[in-house]
Amino acid sequence: MAPARARLLACLLPALTMMAAAVSWVAAGGGRMTDQVDILWGPTQLINGSNGDQTIGLSLDRVMGSGFRSKSSYLFARIDIDIKLVAGNSAGTVTTVYLISEGPWKIHDEIDLEFLGNVTGEPYTLHTNIFANGSGGREVQYRLWFDPTQDFHTYSIIWNSEQILILVDNMAIRRFRNHWDAGVPFPVYQPMRLNGVLWDADDWATQGGRVKTDWSQAPFTAYFRNYRASGCEPSGVAWACGQDPSGGDWFDGGAGLDDVRQRQQLREAQERYTIYDYCTDSARFPNGGFPKECGLP
């Protein structure tokens, strides 16, 4: 066990000794979406394929959006889901997949992928953010290198005790390392569930809120299919989730990539597709006052 995690466990262990620590390792996905997720609210479509697969269409109109949530929660996992975004004039709309803990908001953990709509012919923005122990503000934004409305593409989150990786079509675009020992919060003890939501955010989503949702184009619909999850499903607080009894490699870095290839992909994403990074925003953090993690490897 790494020294940082050992110290953290030593601090928390007295409070955890009376809590259950049963865990199960799960690998599920493909087929029927409703076997893996619950529809929570709003107008939705269920499209059943001939080979037993299923697509969920989340819709947004002037009255409400819609959303689903995974049936299971995980403490460290790899999550993959295929998404086809709202086509045409999607300005003001946000299609989101995110992992979020279920505890108090002031200490919640969250890993966000938000697809910010745009006017017809203009590209989507992929807005990512990470919250740990209630602290967020770690926004990095990307321009995708394809039209995400024409076909399904795979978006992935790999979350383990060492790092968080975000991937698009199995290309690593963002890495957030665990620097708990340097005083940087990292989600290590609260299980999280995957949520998918389509909602209206025209006060900020498109060109800083200058372009509003054109409700004459409603309903807007985004499509989700082929949800896959491989991870630890705890009961209570389960530090055993830090060890993978199956011997799989997702815990140690995931993505099926060697470290050299992963670094190459991250560098390419930074150089070619990143349009905003909080760690380089000197107007937001003047006089060199960047968050601590920005100066760590």
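List every residue pair whose Cβ atoms sit under 7 Å apart, with the two residues 6 or more apart in sequence or on different chains, where the first one lies in the range 177-189 and is β-branched (Val, Ile, Thr) and the second, anywhere, is assigned to a loop (DSSP other than H, G, I, E, B) and at pLDDT below 95. Once the first residue is β-branched (Val, Ile, Thr) and sits in the range 177-189, its partners that are assigned to a loop (DSSP other than H, G, I, E, B) and at pLDDT below 95 give 188/161. Counting only strands (runs of 3 or more DSSP E) that sit wholly inside the range 71-138, those with at least 1 residues that are open to solvent by 30 Å² or more (accessible area, probe 1.4 Å) and within 20 Å of residue 224 (Cα to Cα) are 77-84, 93-101. None of 248, 236, 253 is touching a strand residue (DSSP E or B) at 6+ places or on another chain (Cβ under 9 Å), modelled with pLDDT under 60 and crowded, with 18+ Cβ neighbours inside 10 Å except 253. Evaluating residue 281 against the criteria (1) surrounded by 14 or more Cβ atoms within 10 Å (Cβ to Cβ); (2) modelled with pLDDT of 95 or more leaves one unmet condition, (1).
Residues in the range 47-58 that are in a strand (DSSP E or B) and either among the β-branched types (Val, Ile, Thr) or open to solvent by 10 Å² or more (accessible area, probe 1.4 Å) (or both): 47, 48, 55, 56. For the range 118-157, the set of residues classified as β-branched (Val, Ile, Thr) and either modelled with pLDDT under 95 or closer than 18 Å to residue 171 by Cα (or both) consists of 120, 125, 128, 140, 154, 157, listed by residue number. Please determine whether any residue of the range 15-35 is part of a helix (DSSP H, G or I), in contact with a strand residue (DSSP E or B) (Cβ under 6 Å, 6 or more places away or on another chain) and at pLDDT 65 or above. Checking the range 15-35: at least one residue is part of a helix (DSSP H, G or I), in contact with a strand residue (DSSP E or B) (Cβ under 6 Å, 6 or more places away or on another chain) and at pLDDT 65 or above. The set of residues in the range 34-43 being farther than 15 Å from residue 96 by Cα and surrounded by fewer than 18 Cβ atoms within 10 Å (Cβ to Cβ) consists of 34, 35, 38, 43.
Number of residues in the range 177-230 that are at pLDDT 95 or above, part of a strand (DSSP E or B) and touching a Lys or Arg at 6+ places or on another chain (Cβ under 6 Å) equals 3.
The values are calculated or read from the model by the stated rules, or taken from the named source; none is laboratory data. Not measured: the values here are computed from a predicted model. Every residue, glycine as well, gets a Cβ built from its backbone with ideal geometry; the counts of neighbours run over all protein chains shown. When the accessible area is computed, the model is the full protein with side chains, heavy atoms only, and any ligands, DNA or RNA have been set aside. Shrake-Rupley method; radii C 1.70, N 1.55, O 1.52, S 1.80 Å.
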